[in-house]
1. At a probe radius of 1.4 Å, what is the per-residue accessible area of Arg156, in Å² to the nearest 10?
2. Ratio of alpha-carbon Rg to the 2.2 N^0.38 Å globular estimate for region 90-137, to two decimals, please.
3. Using per-residue counts of other Cβ atoms within 10 Å, averaged over each peptide, order 70-78, 107-115 from highest down.
4. Quick one: which residues, 5+ away or cross-chain, put their amide H under 5 Å from the amide H of Arg139? H built at 1.01 Å from N.
5. Return the sequence-ordered ³J(HN,Hα) values of region 168-173 in whole Hz as given by the Karplus equation 6.51 cos²θ - 1.76 cosθ + 1.60 applied to θ = phi - 60°, using x for Gly and Pro.
6. What is the distance, in nm, between label points placed 7 Å from the Cα along the Cα-to-Cβ direction at Val34 and at Arg57?
Amino acid sequence: MPRLLALSFLGLLATGCSPRRPAPGAANEPRPDVVLEGAHLRSYEGDTLQVSGTASRVLYRRAGGEVQATEVVVRLPPARGSAAGSTGASRADTVISAPNMDGSLASKRWVGSGGVVVQTAEGLVANTPRLTYDSDARRAHGDEGVTMRGPDYQMRADRFTLSAADQTFTFEGTVHAVLGGATE
């Protein structure tokens, strides 16, 4: 009995002294170098504003230039000289909001996830589970489906590409449209 009690005590002591295990998923992710709360975001190319927005929280890791953000709203202005960005035309931004965005400063790409919403100046509202944006090309795309509503139409498509420069969408795969303000 004393031997069993001693072994039990040693087992309990070993368990109590063992290092704590990190939370699931935390073992693979290094701690961020910078954490920003209530951040205002701006990205320039030269003197030209390419993207602006806000995020509830931003985590930044210097080693890979990785950025993770939550509750993100970004504004993509139309390009100068495009139909939407020319003098006399509407100069309103395309607005993209997402619960989560992960990106890389090195690749200049970011991925919005968790239910992304895109709104254009023309009144179009698109919803997609995931969107990838390439800053160099000023293009976004999604391969997980998209639903859209405009002033007098609704649409569903398998895949899409959005040109932020001229605020145009291209749809691929199965596309289903309802015109004239009808609802499904």
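1. 110 Å²
2. For region 90-137, the normalised Cα radius of gyration comes out at 1.20.
3. 70-78, 107-115
4. Amide H neighbours of Arg139, under 5 Å, 5+ apart: Asp134, Ala164.
5. Along region 168-173, the couplings run 10, 9, 10, 10, 9, x Hz.
6. Using points 7 Å along Cα→Cβ, the separation is 1.8 nm.
The values are calculated or read from the model by the stated rules, or taken from the named source; none is laboratory data. Just so it is clear, the structure is predicted and the values come from calculations on it, not from any experiment. Don't worry about glycine lacking a Cβ; one is built from the backbone with ideal geometry, like all the others, and counts go over all protein chains shown. Ligands, DNA and RNA are stripped out before the accessible areas are found, and what is left, the full protein with its side chains, is counted by its heavy atoms. Shrake-Rupley method; radii C 1.70, N 1.55, O 1.52, S 1.80 Å.
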